[in-house]
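Each remark here refers to the structure printed beneath this line.
Where a number appears in this text, it was derived from the coordinates with a stated rule and is not lab data. Just so it is clear, the structure is predicted and the values come from calculations on it, not from any experiment. No Cβ is skipped: glycine too gets one built from the backbone with ideal geometry, and neighbour counts run over all protein chains shown.
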Amino acid sequence: MCNSYYSPMTLRLAGIVFALCSVFIACAQPAGKDGASKNVPVLKPASPSPQSQTQQRMATLDTATFGAGCFWCVEAVFQLLDGVRSVESGYMGGTVDNPTYKQVCTGTTGHAEVCRITYDPSVITYDELLRAFWTTHDPTTLNRQGNDAGTQYRSAVFYHSDAQRATAERYKKELDAAKVWSDPIVTEITAASVFYVAEDYHQNYYNGNGSQPYCAFVIRPKVEKFEKVFADKLKKR
């Protein structure tokens, strides 16, 4: 989405040129380096203990935080899932307090573009969110998604509990063992740190800017594919 000090308008205009390039295929379709779409298998849940079952029944809302390249793309797909109450775009994992979009775009602050997802675990599980996460980007390309390159675009799971960490690590291990991708998964799995909400114009970006070139040529095909793969998990319209 950004590789230097580009303004939002410049980025949108640049999308017209980018849309003509095949480099966006990786973002438009979840694929490996061979260009083939990947069908991420459903994780078989670990058998819950009676105590964890009780805790699940008592749970209200929970939080998940993922980085999978451009947060405009990540936000657009997770907003579709039933049980997801809100999705906020922002920055996590860096060393600078209150970073701006311009600073994060330099790739020097250490932050990843992420989405903080508030969800109802009685409707959608963390396992299912992870499946959506790994299905909608290429987790084998280090610090890159399509034409977006830099540490701010790294594949990352920022866990909020030991249970989330264990689930993410187990899922990653099983996907690698199944060789869903020809290359190993490089997704970072690390504890959640301070979340900095991105600027207002980044929030709900696809829904508010659907006619912009980046949205029309990059995000929309991804959303349409997601709606087919996760048809049984979508919010009722």
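Rounded to whole Å and ordered largest first, report the semi-axes of the equivalent ellipsoid of the range 155-208 derived from its Cα gyration tensor (root of 5λ).
Value: 28, 17, 9 Å, ordered largest first.
Would you pull out the residues with amide H under 5 Å of residue 114's amide H, same chain only if 5 or more places away, H placed 1.01 Å from N?
Under 5 Å from the amide H of residue 114 lie the amide H atoms of 90, 91, 92, each far enough along the sequence or on another chain.
Starting from the amide H of residue 143, placed 1.01 Å from N in the peptide plane, find each other amide H under 5 Å away whose residue is 5 or more places distant or on another chain.
Under 5 Å from the amide H of residue 143 lie the amide H atoms of 155, each far enough along the sequence or on another chain.
Per residue of the range 173-183, in order, report the coupling 6.51 cos²θ - 1.76 cosθ + 1.60 (Karplus, θ = phi - 60°) as ³J(HN,Hα) in whole Hz, putting x for Gly and Pro.
The phi angles translate into 4, 5, 5, 5, 5, 7, 6, 4, 10, 6, 9 Hz.
Strictly greater than 21 Å: what percent of every Cα pair in the range 83-237 meets that?
Considering the range 83-237, 51 percent of its Cα-Cα pairs are separated by more than 21 Å.
Assuming R0 = 30 Å, what is the FRET efficiency of residue 194 and residue 235, from their Cβ-Cβ distance, to the nearest 0.05?
0.50
Can you compute the charge dipole magnitude of the range 63-219 about its Cα centre, using +1 on each Lys and Arg Cβ and -1 on each Asp and Glu Cβ, nothing else charged? Give it in debye, rounded to the nearest 20.
It works out to roughly 220 debye.
Mean projection of the alpha-carbon convex hull of the range 73-118 over all orientations, in nm²?
3.4 nm²
What length, rounded to one decimal in nm, is gained on full extension from residue 102 through to residue 220, with 0.36 nm per residue of separation minus their alpha-carbon distance?
Roughly 40.0 nm would be gained on extension.
Ranked highest first by the average count of other Cβ atoms within 10 Å around their residues, in what order do 173-184, 208-219 fall?
208-219, 173-184
Sort 195, 66, 78 so that the residue with the fewest other Cβ atoms within 10 Å of its own Cβ comes first and the one with the most comes last.
Ranked by crowding around the Cβ, least crowded first: 195, 78, 66.
Please report the spacing between the Cα centers of the range 156-205 and the range 89-121 in Å, no decimals.
So the separation of the two Cα centres works out to 14 Å.
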